[in-house]
1. Students often get this wrong, so try it: which of [x] 55, 28, 23; [y] 35, 32, 21; [z] 34, 26, 22 is semi-axes √(5λ) of the Cα gyration tensor in Å as calculated from the structure shown?
2. For the peptides 62-72, 417-427, what is the packing order when you average, over each peptide's residues, the other Cβ atoms within 10 Å and list the highest mean first?
3. Convert 10 °C to kelvin, take the viscosity as 1.306 mPa s, use the Kirkwood radius over C-alpha pairs of the stretch 344-385 as Rh, and evaluate the Stokes-Einstein diffusion coefficient in µm²/s, rounded to a whole number.
4. Please list 3J(HN,Hα) in residue order for the stretch 84-95, calculated via the Karplus relation 6.51 cos²θ - 1.76 cosθ + 1.60 where θ = phi - 60°; whole Hz, with x for glycine and proline.
5. Mind giving me the FRET efficiency for Ile121 and Lys86? R0 is 25 Å, r the Cβ-Cβ distance, nearest 0.05 is fine.
6. Highest mean first, what order results for 408-414, 393-399, 382-388 on Cβ atoms within 10 Å?
7. For the pair Phe356 and Leu329, how long in nm is the line joining their label points, each one 7 Å along Cα→Cβ?
8. Per residue of the chain, what 222 nm ellipticity follows from adding -39500 (n - 2.57) for every DSSP H run with n ≥ 4, rounded to the nearest 500?
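Every number in this text was worked out from the coordinates using simple rules, so none of it is lab data. All of these numbers come straight from a predicted model, not from anything done at the bench. Cβ placement follows ideal geometry from the backbone for every residue including glycine, while neighbour counts extend to all protein chains displayed.
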Amino acid sequence: MAYSTQPIKLIHLIFGSSAFALLLLLTLGTVLVLWLNADIKTTLSSSDWSIIRFTVSQAIVSATISVLIAIPTARALFFRNFKGRKFILTIMGAPFILPTIVAILGIIAVWGRSGYISEFISNFNINPLNIYGFTGVVLAHVFFNIPLATRFIVQGWAAIPIEHFRLSAQLGINTSGISQHIERPMLKSVIPGIFLIIFLLCISSFAVALALGGGPKATTIELAIYQSLRFDFNFAKAAQLGIIQFSLCAILGIMTVLFSKPVQFSSGLDIKIERWDRTHFRYLLFDIFILTFVCLFLFLPLLSIFIRGIIPIFSLPNTVWIAAFNSILVAIVSSVISVGMAISMSGLIVRVSHKFPITSQTIEIVSFLTLAASPFIIGTGLFILIFPYISPFTIALPITALVNAAMALPFALRMILPAMARAEKNYGKLADSL
C-alpha cells in the first residue's frame, strides 16, 4: 500500500477501473438504454411527484430512526460483556438476509390487526393497530435496517484504541467528556455513510411498499417503475423515475462526502475494551432497557416466522429445493464477485486519494449509488442489450449473480475500505522504505 514515490500499479488500476466501469454500465448505462428506446415525450404527472415526495420522506424518517436506535444499541453490545452477546450480534443479520416478504409476514404477525400486540392491547379496549401506509413502511424499514446500522457502528467503536479510554480514566474525564472527545468524532465519521446506505435501501424499496403501502398514497418510486414496465410498458416514464431516483441519491451522496468528517485512529495494543466511566447503575439500566427493546422488536417477528415455518418445511416439493440450491449457488458466485470488486475498488480509491482526492471521492460515491439503481431498470436494460445477440433466458442465473454482486458492493466496500485506509495510513510509509 505504498504511495510516496511509487506510482499506482497497473494491475490495481485495471481491476479497479474495470469494476468502476461495470458499475456505471449497470446503473447509468441501463437507464440510458431505456431512455433511447422510449418515447421521450412522456411527462410526469402530479401523482408521480406525490410518489417521489412519499419515497423521500419515508426514507429520511426510516434512516433517522434506524440510526438513532442503533447508536445506543451498538454501544451497549460493544461495551457490555454478557452471555448471549455474540448470539445477538449473529442473529441481528437475520432480518437483512431473510426474504423481504417472509420478514413482512413476521412483522404482520406481531404488529398487524390480528397480531400479538393488537390482541394484547384489545384487553384494554384499545383499537387494533393499523400498520399499513406510511407507518407500516417505516416500521418495516426500521426492522430491516437497525441490525445493519448496529453492526457498522460496532465496527466504529472497535476502531477506537483501548489506550484512549485508559488515558481518559487516568485523567479523570467523565462520560460526557469521553463522548465529546472520543465517541462523537468516531460517530461523525461513520454515521453519514451508514445513513446514506440506509437511505438508499429505503428509497429503492419495492416489496415493503407493495405489501404494507396500503394504496396509491403510499407508493415508492421503485413500485412506480415496476408498474411502468410491467403493466404500462412505458420505458420513458420508468427511465424518468429512475433518473430522478438516482439523482436524489447522488445529491445525498455528495452531501455525505462533503459534510462527513473522517477520523482515523491510530492502532492500539489491546482489543479488550472496558469503560471505567459507565459503571454507574443508571448506565447499566439504560443498556438493559435498549437491548431488551431491540431484541423484542427484532426477534418476535423472527420467532413467529420460525414457529410457523419449521413444520411445513419438511413437506416442500422438490422444485423448492432446486430453487434453494440455485439461490445458494448464485449467492456464492455473487459474494466472490462482490468481494473481488470491493477489494479492487478499495485499493484504487486509497491509492488515488492522495494525488486525486476528487476522483477518489467520485468513485466512492458511485459505488454506493448502486443501491439507488432500480433492479427492474437494470434487468430491462440488460435484456434490451443482450437480446439481439443471445437469449437472456439462457444466461439468467449468471446475470442475476452479477446484478446481486453489484447491489452488495456498497456493504462489502463499507467493510473493506476503512480497513484498507487504516492499513495505508499505518504501514504505507514503512512499505515504501522496504
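1. Comparing each candidate, only [y] matches the computed number.
2. 62-72, 417-427
3. Working: Rh = 11.7 Å.
Once the numbers are plugged in, D ends up at 135 µm²/s.
4. With coefficients 6.51, -1.76 and 1.60, one gets x, 5, 5, 5, 4, 4, 5, 5, 4, x, 4, x Hz.
5. 0.15
6. 408-414, 382-388, 393-399
7. Simple spin-label model gives 4.0 nm for this pair.
8. Computed ellipticity for the chain at 222 nm equals -24000 deg cm²/dmol.
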